[in-house]
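A.B. asks: Handing you a structure now.
Nothing in this text is a laboratory measurement; each read-out follows from the coordinates by a stated rule. Note that the structure is predicted; figures quoted are calculated from it, not measured. Methodologically, a virtual Cβ is constructed for each residue, glycine included, from the backbone with ideal geometry; neighbour enumeration extends over all protein chains shown.
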Amino acid sequence: MTATARQPGDPTGAPRWRPPKHGAHVDGPGAPARSERPKKQEQEPASDDVIEVAPGVIRMQLPIWMPGLGHVNTYGLLDDRGLAVVDPGLPGPSSWRSLRKRLKTAGFKVKDIHTVIVTHSHPDHFGGAGRIKSEAGANLVAHRAFTTWSLEESDRRNRLPTAEEQAEAERIAAAAAEALDVGGEEIPTIADHTDDYEGDPLRDNPTRRIQADSVPWGGETPWGGSKHPMPPWRRRMMIRALRFLFKPPDPSQRVVHGERLELAGRDWVSIHTPGHTVDHLCLYDPEHGVLISGDHVLPSITPHVSGVGNGADALKSYLQTLDLVAALDGVQLGLPAHGHPFDDVPGRVEAIKEHHQERMQLIVEASHALGPATVQDLSHEIFPKKHWGVMAESETFAHLEHMALAGEVERWTDGSGRLVYRAA
Ligand SMILES: [Zn+2]
Ligand SMILES: [Zn+2]
């Protein structure tokens, strides 16, 4: 579409979206959501531009290769010691090159990074963190529950990969990233007090066993069926790929809800926001009302809520922690991990909650039509065919469990060990 193309239904004289000009700061605070944009903003390719999105906060976009996403926003929080970075992209040499380029544009080098913060355990967020820690001596901050199976793999790495292996590994890892959207831990519900976090070994001290269970392939899903239908050779390649690719992100500082971090010359509060993942962390700057929202609140897509976790209610955690961030005193600006800054955090939270209500309504309708049905059957009713698979099933499972615990659906196990649901 050209800069002057009209969208169908545009009223005469209505402001129309134009493609951003190179170097223009078109998406600063207060930019309206552009729902008429043909491509979701989270899908736009990474921009070369480095822009200041809040006082002392710059946005650097790194390319990622994941379905439905074109970039990840790496935020730089500047102070007189250098900078802290949040979510430094995928593992691998291409992302690393982009990061160095963006830092150079902003007048920094890798060595200027004193802190790296990872919002959650997805590879487009933690991929570069271990390397920054080792090359810059940076403090690596993540939630106390942060875990990736890659921590397990690190000690076995005993030689450096060739350039060819790296390139192949990077390609496979990127393709595999989508599949990493599970965590084997119990999904906690939000606690109002930090004290409530004490003494929960699942959340606070993930064991090797829990880490092993968080591998997204092999084994059974809680609702019956294969966790990931990946052929063994590919599985092996992926494990190899990811083992080669990075310094595992081993946090030097694990934080819990409500801790203060001094970044960009002021205090930020860590906000634990389980739901998308169990270890998801947002950062809030009460002085300026700025929320670094990670994948918890995105401007135009709804984050995946994984239902993996026995007997837990991931969707409840997610909905409750959406309310939590919407209610932050003075919240004015959301800085998401994908897409552009947005200025109505409570409004966006409301829209995401509505989406989940609608999905639950669809499940009820599908259940009435199908009668007793499995997670897979129901997921096929509420997701378009191109999205069928373990992600859709895991999200359907999260909704069904939430509804079961609320007494809105009945659940039982059939003769072959699969969970069956029926709307009450
Ligand atoms: Zn994520
Ligand atoms: Zn993400």
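A.B. asks: Cut-off is 10 Å between beta-carbons; in what order do K133, K109 appear when sorted fewest neighbours first?
C.D. replies: If I rank by nearby Cβ atoms, fewest first, I get K109, K133.
A.B. asks: Another question, if that's okay. So, in Å, what gap is there between the alpha-carbon centers of the stretch 379-418 and the stretch 328-344?
C.D. replies: When both Cα centres are located, 31 Å separates them.
A.B. asks: Work out how much length Q361 to N139 would gain on full extension: take 0.36 nm times their residue separation and subtract the Cα-Cα distance, in nm to one decimal.
C.D. replies: 75.4 nm
A.B. asks: Could you sort out which of K109/K386; K104/K353; K133/K385; K316/K385 sit more than 32 Å apart by Cα distance in this structure?
C.D. replies: Pairs exceeding 32 Å: K109/K386; K104/K353; K133/K385.
A.B. asks: In addition: By how many nm would the segment from S252 to S416 lengthen if fully extended, with 0.36 nm per residue of separation less the alpha-carbon distance?
C.D. replies: On the way: separation 164, 0.36 × 164 = 59.04 nm, distance 4.52 nm.
Result for the pair: 54.5 nm of gain on full extension.
A.B. asks: Note down the relative contact order for the stretch 44-111 as a percent, whole number, built from C-alpha pairs under 8 angstrom at least six residues apart. Working shown, then result.
C.D. replies: On the way: 112 pairs, mean separation 17.9, N = 68.
Relative contact order here is 26 percent.
A.B. asks: Which of the peptides 39-49, 333-343, 268-278 is most tightly packed, and how do the rest follow, judged by the mean count of other Cβ atoms within 10 Å per residue?
C.D. replies: Put in order of decreasing packing, that is 268-278, 333-343, 39-49.
A.B. asks: With r defined as the distance between the Cβ atoms of K111 and K39 and R0 fixed at 25 Å, what FRET efficiency is calculated, to the nearest 0.05?
C.D. replies: 0.10
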